[in-house]
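Below is one structure, written out as structure tokens; comments come after it.
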Amino acid sequence: MIKNPSLFHPWLQYPYVPIQNPFRVLAACRYSTQSTKFPEYQMPSVTWGVVQGRKEKLVNRVKICDYLKTLGIIPDELENLELPSTVEVMSERVQFLQKLGLTIDDINEYPLMLGCSVRKNMVPVLGYLEKIGIPKPKLGEFVKNYPQVLHTSVVVELAPVIKFLRGLDVEKQDIGYVLQKYPELLGFKLEGTMSTSVAYLVSIGVSPRDIGPMVTQYPYFLGMRVGTVIKPLVDYLVSLGLPKKILSRMLEKRAYILGYDLDETVKPNVDCLISFGIRKEAIASVIAQYPQILGLPLKAKLSSQQYFFNLKLKIDPDGFAQIIEKMPQITSLNQHVLMKPIEFLLGRGLPLEDVGKMLMKCPQMVALRIELMKKSYYYFKTEIGRPVKELVEFPEYFTYSLESRIKPRYTKLQSKGIRCSLNWFLNCSDKRFEERLHGDYIESESLGPTFCMGGKLELPGNEVVSDEEDESDDEVLYRRTTWILWHLRRVKDGRKLC
């Protein structure tokens, strides 16, 4: 041993030092054994403090575990956790959590929270959460939903996440709301999933200014992996015929679309639409009009609505498919709501078959208020005085405003002595109507504008948009986007979409 002084003693955790004067050591040992008969007053040996400390820790751990068991807390997961030195400190932690609103069951769900100091962990973290907008009465629920937050550092972990969210244009007053919806955001690394998901969405055309509102509406996309979740969904929707510009506008307004499972929900719903007769080339238009259709329990809803239309109006599956293509929102409408306009039309003496034809031409009628339909119908019968057959041929009449469009235009026609169809004077812009009104002839009847998601805008009777025109992709995509948004606005305003 003298030749190898670096040799460690098998018990002590420091190098063994050889004894230079063994007689002095023996004398010291003889003195220590004869000094007193009370062990608590004996001179401590080199290892006395270490052994005694371990014993105390074990005794205290047993006491604390027994205390927790008396409260109904299962301490099994605390085996490798450093516990406080006394039962009093542990009692303080339990009481603090209970004052927040947590129950014993909540603590048992995540007992590791008992390893957090009240003064060093809980108070600073909860104070910061309250400061950024989480109401004090909601702090207990927040900790219950995300107890790991008690282990975090305010400066190192929490503050950088809040700064990142503010950098995405999330309003300061919305921070608390966002975190209550998705508290796990506080555990994400900034350079990881959150940054990559935002960067990818911007790369496909989502406006950076809209990222903040998207986070407020649906913060969960910040935790989605691009390669396995977001990109496969985007690629699939683009493959159906949705241009990225339109898709990006959809995501800006309805970020929750990103939460639809591709394999379990989206693809089965698209297959379901096709199985009910919706044309493949119309799928993109259906999704653009009603993106929520991708996440519905679609088969059950379509089956129910198809049976309803067949039972009440004798509309066959092909006719039902046409209705869904023009107004996919019908899949979610209550049948009691659908019956009101149907009963109104039947009550005016229209045959069941004609009412079915009207709905196939303009299914938006089912979303109209009966009071407005009554006023429009009364004006048609008393002032316009046309046969009801014209309403069957042009049911879109009911979707126009009586006061702002039908009355003013019909009054001008009367003053000019012009007699024309409902379609001719209603289905055009104000500028176009004035051109027609002051023209020396009445142009031939033509259909309204039509739009095919995969091609160019076609205006019957108008050669402004032709195949010979050399248009850039941006111009074509812009016109498609404008047309879809125009359609959606008209649906929202209760006007014509047919």
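The values are calculated or read from the model by the stated rules, or taken from the named source; none is laboratory data. Quick caveat, the model's predicted, so the values are computed rather than measured. Using ideal geometry, Cβ is built from the backbone for each residue, glycine included, and neighbour counts are taken over all protein chains shown. For the accessible areas, the whole protein counts, side chains as well, though only heavy atoms, and no ligand, DNA or RNA atoms are used. Shrake-Rupley method; radii C 1.70, N 1.55, O 1.52, S 1.80 Å.
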Legend entry - Residue, modelled with the lowest pLDDT, within region 66-97, restricted to residues that are in contact with an Asp or Glu (Cβ under 9 Å, 6 or more places away or on another chain) and part of a helix (DSSP H, G or I): Val87
Inset, instruction - Would you kindly identify the helices (runs of 4 or more DSSP H) lying entirely within region 237-290 that contain at least 3 residues that are under 17 Å from the mean Cα position of the chain (by Cα)? - result: 244-253
Legend entry - Options Val229, Val238, Val215: the member that is farther than 24 Å from Val178 by Cα and of a type in the set (A, V, I, L, M, F, W, C): Val238
Inset, instruction - Identify, from the list Lys245, Lys253, Lys267, the residue that is within 15 Å of Val286 (Cα to Cα) and open to solvent by 10 Å² or more (accessible area, probe 1.4 Å). - result: Lys267
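A quick yes/no check of all residues on (1) among the hydrophobic types (A, V, I, L, M, F, W, C); (2) touching a Pro at 6+ places or on another chain (Cβ under 6 Å):
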residue: Asn80; (1), (2): no, no
residue: Pro84; (1), (2): no, no
residue: Val87; (1), (2): yes, no
residue: Ile104; (1), (2): yes, no
residue: Tyr110; (1), (2): no, yes
residue: Cys116; (1), (2): yes, no
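Starting from residues that are open to solvent by less than 10 Å² (accessible area, probe 1.4 Å) and not in a loop (DSSP other than H, G, I, E, B), keep the ones in region 201-212 and report whichever is farthest from Tyr177 (Cα to Cα).
Leu201
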Inset, instruction - Name every residue in region 270-282 that is closer than 17 Å to Gln322 by Cβ and crowded, with 20+ Cβ neighbours inside 10 Å, in order of residue number. - result: Leu273, Ile278, Ala282
Legend entry - Scan of region 157-190 for residues that are of a type in the set (Gly, Ala, Ser) and more than 14 Å from Tyr220 (Cα to Cα), ordered by number: Ala159, Gly167, Gly176
Legend entry - Yes/no for Thr216 being open to solvent by 40 Å² or more (accessible area, probe 1.4 Å) and of a type in the set (Ser, Thr, Tyr): no
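I'd like to know if region 342-357 contains one or more residues that are touching a Leu at 6+ places or on another chain (Cβ under 6 Å) and surrounded by 18 or more Cβ atoms within 10 Å (Cβ to Cβ).
Within region 342-357, one or more residues are touching a Leu at 6+ places or on another chain (Cβ under 6 Å) and surrounded by 18 or more Cβ atoms within 10 Å (Cβ to Cβ).
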Inset, instruction - Please go through region 107-139 and pick out each residue that is outside any helix (DSSP H, G or I), open to solvent by 40 Å² or more (accessible area, probe 1.4 Å) and under 21 Å from Ile73 (Cα atoms). - result: Tyr110
Inset, instruction - Among the residues of region 140-162, write down those that are in a helix (DSSP H, G or I) and polar (S, T, N, Q). - result: Asn145, Gln148
